[in-house]
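Step one of this worksheet: look at the structure below.
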Amino acid sequence: MDYSRIIESSETHRNKCAACFRQFNKLEHLVEHMRISYHSGHEPTCAICRKHCRSFESLREHLIGPLPKQECRDIFAYRGCKFCLKVFDSPNSRRVHQEKCQLSGLTGMIGRFSSMGLRDNLTIGSRGAPVVALACKMVGGGSDGSLDLCARVCIIDEHENIIFHSYVKPPFPVTNYRYETTGIRAEYLRDAIPMRQVQRKIQDFLCNGEPMWTIRARGGKARILVGHGLDHDLECLQIEYRPEKIRDTAKYPPLMKTSKLSNSLKYLTQTYLGYDIQTGIQDPYDDCVATMRLYKRMRSQAHRMEDYPLASDPQNRNNFASWRQSELERMSPEQMLEISRSDYYCWCMDSLYTS
């Protein structure tokens with residue numbers, strides 16, 4: 001009998017990551033893996049085998065992809081929700097849940113009302129709006145019409161009520177109204193609010209009376225801003241806002257395709273909310289509602305709710321520092337996972353500060 005192989009196999013099993021289940025020949029390799037992986041309780045996790053995944057896309061592949069884990073796939077097919085990827089005690093529980101989990105699109109009076117001209121409830125200090133969503137629709141400028149110019153902007157609150165919805169008069173001539181997707185005509189912008197005025201109103205509303213340089217990640221009066229591709233929207237609006245207060249569904253790691261590639265809002269809405277948007281002429285109100293619903297779904301995740309520093313924060317940088325190597329190698333994989341920290345801010349933590 002080859003005892004060396006048995007020993008090596010048991011050692012490899014002992015050096016198995018408690019989060020992603022990768023196995024290593026040496027404990028020092030597991031420590032290095034934990035140092036760079038940033039596993040934490042805030043990662044999307046399979047409810048069946050408890051494997052941690054970097055994103056919901058990875059978890060979806062694990063459960064229902066082309067090559068899923070067989071045992072997890074069989075259970076998930078019977079008791080799992082294809083939208084939020086949770087697993088329930090019975091098919092009936094799953095059915096009842098999924099009827100609520102699959103949301104409906106905005107049709108009828110709500111959708112039509114959102115398109116009816118100016119709606120301006122931007123009031124500094126107004127209660128009940130610590131979180132707002134913003135979306136823009138762009139027309140084209142420049143000689144070839146490729147320069148994005150904001151021509152319509154919408155802001156809603158958490159309850160999908162319109163706070164501000166208006167056409168915007170761009171600072172440069174429009175050479176392509178992109179009517180097939182925007183529905184915007186020249187006459188709609190003729191008497192629209194000038195860009196500079198819209199910029200000031202929105203900036204003041206977001207800061208909510210708080211100077212930009214005093215805005216902090218948690219607490220304060222400044223509002224949390226939700227959207228998809230907000231860097232581009234804010235640039236076109238010529239607005240600066242603190243990144244600590246921005247929740248962008250295009251840049252949130254659990255919702256991304258890979259660490260560098262974003263999913264489209266159309267895909268995220270169809271896959272995680274269960275309905276279609278951006279078909280035909282597009283309304284920024286629909287985009288606002290979709291991003292707010294995605295944000296609230298991410299915020300409502302049941303994770304450990306103790307406050308924690310990010311792996312990138314100075315006070316947390318040494319959790320897996322090289323000078324702790326001998327101490328780390330005495331830990332079990334579960335203990336290492338316990339002290340590991342996320343390298344992104346999980347939106348579930350917002351529930352501590354916005355409730």
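Tell me, what is the percent relative contact order of the chain, built from C-alpha pairs under 8 Å that lie six or more residues apart?
Computed value for the chain: 19 percent relative contact order.
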Next item on the list: Would you calculate a helix-derived [θ] at 222 nm for the chain, using -39,500 (n - 2.57) for each DSSP H run of n ≥ 4 and dividing by the full residue count, to the nearest 500?
Entry: -9500 deg cm²/dmol
Notebook entry, point to check: How big is the chain on each of its three principal axes, counting only the C-alpha atoms and giving the largest first in Å?
Noted result: 87, 47, 43
Next item on the list: For Glu180, Glu160, give the ranking by accessible area with the largest first, probe 1.4 Å.
Entry: Glu180, Glu160
Margin query: At 1.4 Å probe radius, can you tell me the per residue accessible area of the stretch 235-355 in Å²?
Written below: 48 Å²
Margin query: Order Glu57, Glu99 by their accessible area, 1.4 angstrom probe, all chains in place, largest first.
Written below: Glu99, Glu57
Next item on the list: Using Cα positions and a limit of under 18 Å, work out the lysines in reach of Lys266, with same-chain residues fewer than 8 apart set aside.
Entry: Lys82, Lys137, Lys251, Lys257, Lys296
Item checked: Where a label projected 7 Å from the Cα of Gln203 along Cα→Cβ would reach, residues of the stretch 236-276 with amide N under 16 Å -> 236-243
Item checked: Between the stretch 269-302 and the stretch 335-355, the Cα center-to-center distance that results, in Å -> 23 Å
Next item on the list: Would you calculate the separation in nanometres between label points at Arg190 and Arg50, each defined as 7 Å from the Cα along the Cα-to-beta-carbon direction?
Entry: 6.8 nm
Next item on the list: Subtract the Cα-Cα distance of Glu180 and Glu61 from 0.36 nm times their separation in residues, and report this length gain in nm to one decimal.
Entry: 39.3 nm
Check: Counting Lys and Arg as +1 and Asp and Glu as -1, each charge on the Cβ, what is the dipole of the stretch 169-240 about the Cα centre in debye, to the nearest 20?
Finding: 240 debye
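The values are calculated or read from the model by the stated rules, or taken from the named source; none is laboratory data. These numbers were taken from a predicted model, which means no experiment stands behind them. We place every Cβ from the backbone using ideal geometry, glycine too, and count neighbours over all the protein chains shown. Ligands, DNA and RNA are excluded from the accessible area calculation, which covers all protein heavy atoms including side chains. Shrake-Rupley method; radii C 1.70, N 1.55, O 1.52, S 1.80 Å.
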